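The values are calculated or read from the model by the stated rules, or taken from the named source; none is laboratory data. Worth saying up front: this structure is predicted, and the values here are computed from it rather than measured. Using ideal geometry, Cβ is built from the backbone for each residue, glycine included, and neighbour counts are taken over all protein chains shown. Ligands, DNA and RNA are stripped out before the accessible areas are found, and what is left, the full protein with its side chains, is counted by its heavy atoms. Shrake-Rupley method; radii C 1.70, N 1.55, O 1.52, S 1.80 Å.
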Amino acid sequence: MKVPTVSRFLNAPQNVDRIPHLRRVSSQNDWENGSTISSPASIPEYTGPKLYKEPSFKSNKFIIHNAITRCCLAGKVNEPQKNKIVEEMEKSTANHFLILFRDSSCQFRAIYTMNPETEEMERLTGIGPRVITPEMVESIYKYSSDRKQFTVIPSKTMSMSVDAITIPGHFWQKRPGTPKKLGTPK
């Protein structure tokens, strides 16, 4: 007994209507008239699930969350500050976050959100300038989750792959401190 193959089944014009995801768009039957060239009207229309997905900006929220909890503010002593920052990040609708370091020693100062169109960074929480422009950036860093450390990227161009930045010292505001008490002579 000869068993029909799938290709035979699909090539038989009467069997096309039996497959749920395929249906003939045209009543013209290319198989019957011997045509081997497919016209757009003879190609079965796909009626299955939609495969195209709208592009979206990839978020680095998880990477920054890991960097804060495992590197920048690790430990019990930093827990209150870490929890506040994570809470602010969760409230934010931004897709791209940046960590601001004081200098090359990678001392945490603030979290910023980046606008991909203007490339301006706005402070979400922490200590630092309210807005940072790309011209203000001194160095840029990428976080390595497996090594739990930041590495300098030898570039000055901001992109969505940047996880942390530093700014030159003159952008840090000097706060007027309380005057030191003068010692009373004994």
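A few notes on this one:
- Looking only at residues of the stretch 94-133 that are closer than 21 Å to R70 by Cα and basic (K, R), we find that the one that is surrounded by the fewest Cβ atoms within 10 Å (Cβ to Cβ) is R102.
- Where a residue in the stretch 67-78 is touching a residue at least 40 places away in the same chain (Cβ under 8 Å) and its partner, wherever it lies, is of a type in the set (V, I, T), with Cβ under 8 Å and at least six apart: A67/I99; I68/I85; I68/V86; I68/I99; I68/I111
- For I68, the stated conditions do not hold, so it cannot be described as assigned to a strand (DSSP E or B), of a type in the set (V, I, T) and in contact with a helix residue (DSSP H, G or I) (Cβ under 9 Å, 6 or more places away or on another chain).
A quick yes/no check of all residues on (1) outside any helix (DSSP H, G or I); (2) in contact with a strand residue (DSSP E or B) (Cβ under 7 Å, 6 or more places away or on another chain):
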position	(1), (2)
Q81	no, no
E88	no, yes
A94	yes, yes
S104	yes, yes
E117	yes, no
L124	yes, yes
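- Qualifying residue in the stretch 135-146 (condition: in a loop (DSSP other than H, G, I, E, B) and open to solvent by 70 Å² or more (accessible area, probe 1.4 Å)): yes
- Every pair of residues 6+ apart whose Cβ atoms lie under 8 Å, when the first sits in the stretch 158-172 and is of a type outside the set (A, V, I, L, M) while the second is part of a helix (DSSP H, G or I): D163/I63; D163/I64; D163/A67; P168/M136; F171/M136
- Residues satisfying the stated conditions in the stretch 55-93, i.e. open to solvent by 50 Å² or more (accessible area, probe 1.4 Å) and among the β-branched types (V, I, T): I63, V77, T93
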